[in-house]
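Asker: The structure follows.
The values are calculated or read from the model by the stated rules, or taken from the named source; none is laboratory data. On a predicted model such as this, the values are computed, not experimentally measured, just so you know. In this analysis, Cβ positions are derived from the backbone assuming ideal geometry, glycine residues included, and neighbour counts consider all displayed protein chains. Ligands, DNA and RNA are stripped out before the accessible areas are found, and what is left, the full protein with its side chains, is counted by its heavy atoms. Shrake-Rupley method; radii C 1.70, N 1.55, O 1.52, S 1.80 Å.
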Amino acid sequence: MHELLADERIAAYEAVLGRNVVKRAADEIFGRVRLSGNGSYEAIVSEVVSRLDLLQAQALLPVVNATGIVLHTNLGRAPLASEALVAVAEIAGGYSNLECDLASGERDSRYQRVSGLFGDVTGAEDSLVVNNCAAAVLLVLDTFAKGREVIVARSQLVEIGGGLRVPDVLQRSGATLVEVGTTNCVYVADFERALSPRTALLLRTHPSNYRVEGFTHDASARELAELGRRAGVPVAEDLGSGALVDLAQYGAKHERTVQEALADGIGLVTFSGDKLLGGPQAGIVLGHAHLIARMKNNPLLRALRVGKMTLAALGATLQSYRDGSYARRLPVYRKLAATLEELRERGGAYLDAMPKARIVDSEAYVGAGSLAQERIASLAIAIESERPDRIASRLREATPAIVARVSEGRVLLDLRTIDSEDDAAVIAACLSSLT
Ligand SMILES: *Cc1c(COP(=O)(O)O)cnc(C)c1O
């Protein structure tokens, strides 16, 4: 170990990374190699150096998603379409008309162009884009409900994941929560009884990763919208996933779409940009123009605003819905649409290279919040091993890094979420992790 840290090739990193980081990396790799009992001094040095290189780059790394979870929050959710990447490169690499109306030369709103696209695709009167869906919900509450009351069904007071809890966001926004109904049942009459002069908002949230089964009842969005109209109280719905198209065509359960929520008369609909929309991280609010106008006047918007890269990527993504090419262009929908025959054919190449591997039935998940548990039939490459965790860990250290699942003594690589262009690299990494 001493010799390792004194080695010039390793010591050179101390100036940049500090002694502790270098020592920890060397310790970890040295310990692992000593356990396995093979690995020359030179091999250890080269492994430590490549780890330190990686740390020095301090950047995000591309990863092959072999988990079968199409929208995986830890792996960055939706991959962008190549049209979106081109738009980002074109806009971010230079100046743009971000807030400039080229016709008049006057200042313009950065939200306007994307609003036009959302209007064309969903029929929404107006829209607003912020950093993420949590920020969108916060902005809705801050604008309408600060110091006043928000009525929510008890069955929808959930924790969405990543520590996002509906009651906590409500509290942070300074609104008072008024819970109605029971854990399993809520009726529109419950909302009506809870109305008071202090009521600022009726809120519906997607219960996401949580399901109430058996004897249940929900107040429908249409009923709530109608009640809100009569009482003069805005109604908001947090959809989370924000599907613009029917997911049933991909063998998943039908997920309430943005257009359906708007058609039900919901005044403010919120959802994420990087879930089923297939775009960049963003929080989107669509709805009635007079409500969005109030949000645009909220000074908090300035703290949540998105940059030109987000707007460029979002614009290109929406374009593919407007011209009907989304299924072909957006990676999320290409992955969802792949047939089992296509997956089986790709799997053949894995078996040719690894005769001991097998193709097994698998279940892929749509993932990310509201569809976390929605399953789609898939196929996986199964590698049987005495130490599957070790193989999985070696795959994560490969270049590109591969994130796989371990189950019942096997490493499982789900073909649905692996890009077909990555198959050759994944096969090569598997072969070297097996030696
Ligand atoms: C995912 C999700 C959110 C959070 O979205 P972010 O874009 O990650 O902030 C909020 N609400 C629901 C219902 C969700 O599914």
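Asker: In region 270-285, what count of residues is obtained for those that are more than 11 Å from the ligand (Cβ to nearest atom) and under 15 Å from residue 124 (Cα atoms)?
Answerer: Going through region 270-285 one residue at a time, the tally reaches 1.
Asker: Condition first: closer than 30 Å to residue 9 by Cβ and of a type in the set (S, T, N, Q). Can you find one or more residues in region 52-62 that meet it?
Answerer: Yes, region 52-62 has at least one match.
Asker: Looking only at region 389-409, count how many residues are touching a Ser or Thr at 6+ places or on another chain (Cβ under 8 Å) and more than 22 Å from residue 338 (Cβ to Cβ). Before the answer, list the steps.
Answerer: First, pick out the residues of region 389-409 that are touching a Ser or Thr at 6+ places or on another chain (Cβ under 8 Å): 391, 394-395, 398, 403-405, 409.
Checking the rest, the ones that are also more than 22 Å from residue 338 (Cβ to Cβ) come to 391, 394, 398, 409.
Within region 389-409, residues that are touching a Ser or Thr at 6+ places or on another chain (Cβ under 8 Å) and more than 22 Å from residue 338 (Cβ to Cβ) number 4.
Asker: Oh, and also: State yes or no: is residue 9 at pLDDT 85 or above and open to solvent by 70 Å² or more (accessible area, probe 1.4 Å)?
Answerer: yes
Asker: Can you report the number of residues in region 78-95 which are among the small types (Gly, Ala, Ser) and open to solvent by 60 Å² or more (accessible area, probe 1.4 Å)?
Answerer: Taking region 78-95 as the starting set, the residues that turn out to be among the small types (Gly, Ala, Ser) are 78, 81-82, 84, 87, 89, 92-94.
Still in the running and open to solvent by 60 Å² or more (accessible area, probe 1.4 Å): 82, 89, 93.
Residues that pass the stated criteria total 3.
Asker: Restricting the search to region 260-269, which residues are more than 16 Å from the ligand (Cβ to nearest atom) and buried (at least 18 other Cβ atoms within 10 Å of the Cβ)?
Answerer: Residues of region 260-269 more than 16 Å from the ligand (Cβ to nearest atom): 262-265, 267.
Passing the criteria: 262, 264, 267.
Asker: List the number of the failed condition for residue 62; all other conditions in (1) closer than 30 Å to residue 281 by Cβ; (2) open to solvent by less than 80 Å² (accessible area, probe 1.4 Å) hold.
Answerer: Residue 62 satisfies all of (1) closer than 30 Å to residue 281 by Cβ; (2) open to solvent by less than 80 Å² (accessible area, probe 1.4 Å) except (2).
Asker: Give region 132-191 a look and list any residue that's among the hydroxyl-bearing types (Ser, Thr, Tyr) and either within 21 Å of the chain's Cα centre (by Cα) or within 16 Å of the ligand (Cβ to nearest atom) (or both), or say none.
Answerer: Across region 132-191, the qualifying residues are 155, 173.
Asker: Would it be correct to say that residue 222 is open to solvent by 50 Å² or more (accessible area, probe 1.4 Å), at pLDDT 95 or above, over 25 Å from residue 146 (Cβ atoms) and basic (Lys, Arg)? Even if it seems obvious, please write down each step before you answer.
Answerer: Numbers: open to solvent by 50 Å² or more (accessible area, probe 1.4 Å): yes; at pLDDT 95 or above: yes; over 25 Å from residue 146 (Cβ atoms): yes; basic (Lys, Arg): yes.
In short, yes.
Asker: Might you check whether a residue that is more than 15 Å from residue 286 (Cβ to Cβ), surrounded by fewer than 21 Cβ atoms within 10 Å (Cβ to Cβ) and touching an Asp or Glu at 6+ places or on another chain (Cβ under 8 Å) occurs anywhere in region 149-164?
Answerer: There is at least one residue in region 149-164 that is more than 15 Å from residue 286 (Cβ to Cβ), surrounded by fewer than 21 Cβ atoms within 10 Å (Cβ to Cβ) and touching an Asp or Glu at 6+ places or on another chain (Cβ under 8 Å).
Asker: Quick test for you: out of 17, 55, 71, pick the one residue that is among the aliphatic types (A, V, I, L, M), under 30 Å from residue 320 (Cβ atoms) and within 34 Å of the chain's Cα centre (by Cα).
Answerer: 71
Asker: Can you tell me which residues in region 272-286 are of a type outside the set (D, E, K, R) and buried (at least 22 other Cβ atoms within 10 Å of the Cβ)? Please lay out each step first, then the result.
Answerer: Taking region 272-286 as the starting set, the residues that turn out to be of a type outside the set (D, E, K, R) are 272-273, 276-286.
Those that are of a type outside the set (D, E, K, R) and buried (at least 22 other Cβ atoms within 10 Å of the Cβ): 272, 273, 276, 277, 278, 279, 280, 282, 283, 284, 285, 286.
Asker: Residues 75, 98, 117, 128: which one is within 16 Å of the ligand (Cβ to nearest atom) and open to solvent by less than 50 Å² (accessible area, probe 1.4 Å)?
Answerer: So the residue among 75, 98, 117, 128 that is within 16 Å of the ligand (Cβ to nearest atom) and open to solvent by less than 50 Å² (accessible area, probe 1.4 Å) is 128.
Each row is one residue, and each column tells you yes or no for (1) under 30 Å from residue 271 (Cα atoms); (2) open to solvent by 60 Å² or more (accessible area, probe 1.4 Å); (3) outside the structural domain of residue 396 (by TED's automatic domain parsing).
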| site | (1), (2), (3) |
| --- | --- |
| 13 | no, no, yes |
| 17 | no, no, yes |
| 20 | no, yes, yes |
| 24 | no, yes, yes |
| 35 | no, yes, yes |
| 38 | no, yes, yes |
| 45 | no, no, yes |
| 54 | no, yes, yes |
| 67 | yes, no, no |
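Asker: Are there any pairs with C-beta distances below 7 angstrom linking a residue in region 111-125 that is of a type in the set (Lys, Arg) to a residue that is open to solvent by less than 20 Å² (accessible area, probe 1.4 Å), with the two at least 6 apart or on different chains, and if so which?
Answerer: Filtered contacts from region 111-125: 113/315.
Asker: Quick check: is even one residue across region 334-356 farther than 14 Å from residue 118 by Cα and either in contact with a Gly (Cβ under 7 Å, 6 or more places away or on another chain) or within 16 Å of the ligand (Cβ to nearest atom) (or both)?
Answerer: For region 334-356, residues farther than 14 Å from residue 118 by Cα and either in contact with a Gly (Cβ under 7 Å, 6 or more places away or on another chain) or within 16 Å of the ligand (Cβ to nearest atom) (or both): absent.
Asker: Given the residues 236, 289, 252, 316, which is the only one that is over 16 Å from residue 121 (Cβ atoms), more than 16 Å from the ligand (Cβ to nearest atom) and assigned by TED's automatic domain parsing to the domain that holds residue 134?
Answerer: It is 289.
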